[in-house]
1. Taking region 35-90, which residues are hydroxyl-bearing (S, T, Y) and closer than 16 Å to V124 by Cβ?
2. Looking at V92, V66 in this structure, which one is over 17 Å from V117 (Cβ atoms) and under 14 Å from the mean Cα position of the chain (by Cα)?
3. Sort out for me the helices (runs of 4 or more DSSP H) sitting completely within region 131-236 that have 1 or more residues that are open to solvent by 80 Å² or more (accessible area, probe 1.4 Å), at pLDDT 90 or above and under 17 Å from L55 (Cα atoms).
4. For region 68-87, does any single residue satisfy the condition of being in contact (Cβ under 8 Å) with a residue 24 or more places away in the chain, in contact with a helix residue (DSSP H, G or I) (Cβ under 8 Å, 6 or more places away or on another chain), within 16 Å of R155 (Cβ to Cβ) and acidic (D, E)?
5. If you take the residues in region 1-30 that are in a helix (DSSP H, G or I) and open to solvent by 60 Å² or more (accessible area, probe 1.4 Å), which one is farthest from V139 (Cα to Cα)?
6. Given the residues L33, L13, L99, which is the only one that is touching a Leu at 6+ places or on another chain (Cβ under 8 Å), under 25 Å from S167 (Cβ atoms) and among the hydrophobic types (A, V, I, L, M, F, W, C)?
7. I'm trying to understand the selection: among the residues of region 38-60, which are hydrophobic (A, V, I, L, M, F, W, C) and either in contact with a Leu (Cβ under 9 Å, 6 or more places away or on another chain) or farther than 17 Å from P164 by Cα (or both)?
Amino acid sequence: MSRSIADQTVEELGGPGSVLTRQRADHEQLDRLLHELDGTTGTAQERVLRRIDRLVFSHAFAEETVLWPVVRRVLPDGDALTRQVEEEHQEVNELVGELETLPHEDPRRAAALSRLVQVLREDVRDEEDEMFPRMQAAVDVEELRRLGRRWQLMRLVSPTRPHPTVSRRPPGNALSGLPLSVLDRTRDLVDAGVQHAPARVAPAGQVVSRGLATVAGWVERVPAARRGDGGQSTSR
């Protein structure tokens with residue numbers, strides 16, 4: 001039976017540049033953030049959630065764009081494997097979107113947050129214990145390193161916020177990725193500025209952030225953004 005990538009050395013994973021090493025590093029960072037999230041409330045919770053969002057959404061988009069087509073190509077049940085993880089990614093999108101609308105005093109918030117943590121941990125285990133060891137057995141080390149370079153580049157230009165109506169597969173994710181990334185990352189900068197801006201300036205920044213969110217919503221609703229492999233949308 002294949003060994004989980006969690007139990008392998010960096011050398012066994014293909015070196016520092018291997019996509020498996022890069023993936024595991026992100027998973028370890030996510031684990032630290034989830035521990036940091038535990039027990040937080042109010043604005044402290046929001047700050048940690050924002051950091052989780054920035055990590056998780058760019059990571060998942062790069063997986064769906066770069067890695068899952070390879071898994072579908074090299075594994076006989078690759079479509080089923082990637083679809084399971086895509087469904088987990090979709091649920092994360094929906095849960096984060098829900099959390100953004102729920103006040104801290106809303107009793108539904110704790111349940112949504114608990115489910116988010118559960119799905120994120122399940123996603124890591126599905127990838128590290130099953131999908132990645134099988135992909136590792138099907139491709140050579142040089143391809144793992146090539147995929148690592150492509151994955152890292154895509155991760156740097158990927159969206160950083162939830163977009164639950166966008167397809168999890170090409171062509172929808174590829175067509176919408178760049179405009180959503182520009183909008184999300186601009187909004188990240190605006191929101192960071194609002195946190196440190198004088199009180200008289202903050203409302204203007206909030207208006208700009210909401211405007212960027214509106215434009216992102218328009219991009220999400222473009223029909224091409226919802227199309228997946230074979231012309232079928234894999235968003236929910």
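1. Applying the first criterion (hydroxyl-bearing (S, T, Y)) to region 35-90 yields 40-41, 43, 58, 65, 82.
Within region 35-90, S58, T82 qualify.
2. Details: V92 fails: over 17 Å from V117 (Cβ atoms).
Within the list V92, V66, the selection yields V66.
3. Working: elements: 132-138, 141-156, 172-196, 202-221.
Filter on region 131-236 gives 141-156, 172-196.
4. So far as region 68-87 goes, no, none of its residues is in contact (Cβ under 8 Å) with a residue 24 or more places away in the chain, in contact with a helix residue (DSSP H, G or I) (Cβ under 8 Å, 6 or more places away or on another chain), within 16 Å of R155 (Cβ to Cβ) and acidic (D, E).
5. Of region 1-30, the ones in a helix (DSSP H, G or I) are 5-7, 10-13, 19-30.
Cutting the leftovers down to open to solvent by 60 Å² or more (accessible area, probe 1.4 Å) gives us 7, 11-12, 22, 28-29.
Numbers: D7: 19, E11: 15, E12: 13, R22: 16, E28: 24, Q29: 26 Å.
Checked region 1-30; the qualifying residue farthest from V139 (Cα to Cα) is Q29.
6. Numbers: L33 fails: under 25 Å from S167 (Cβ atoms); L13 fails: under 25 Å from S167 (Cβ atoms).
Step by step, each of L33, L13, L99 is checked, and only L99 is touching a Leu at 6+ places or on another chain (Cβ under 8 Å), under 25 Å from S167 (Cβ atoms) and among the hydrophobic types (A, V, I, L, M, F, W, C).
7. Of all residues in region 38-60, those hydrophobic (A, V, I, L, M, F, W, C) come to 44, 48-49, 52, 55-57, 60.
A44, V48, L49, I52, L55, V56 - these are the residues of region 38-60 that are hydrophobic (A, V, I, L, M, F, W, C) and either in contact with a Leu (Cβ under 9 Å, 6 or more places away or on another chain) or farther than 17 Å from P164 by Cα (or both).
The values are calculated or read from the model by the stated rules, or taken from the named source; none is laboratory data. Everything quoted here is computed from the prediction, not taken from an experiment. Note that each Cβ is placed from the backbone with ideal geometry, even for glycine, and that neighbours are counted across all protein chains shown. Surface areas here come from the heavy atoms of the whole protein model, side chains and all, with no ligands, DNA or RNA. Shrake-Rupley method; radii C 1.70, N 1.55, O 1.52, S 1.80 Å.
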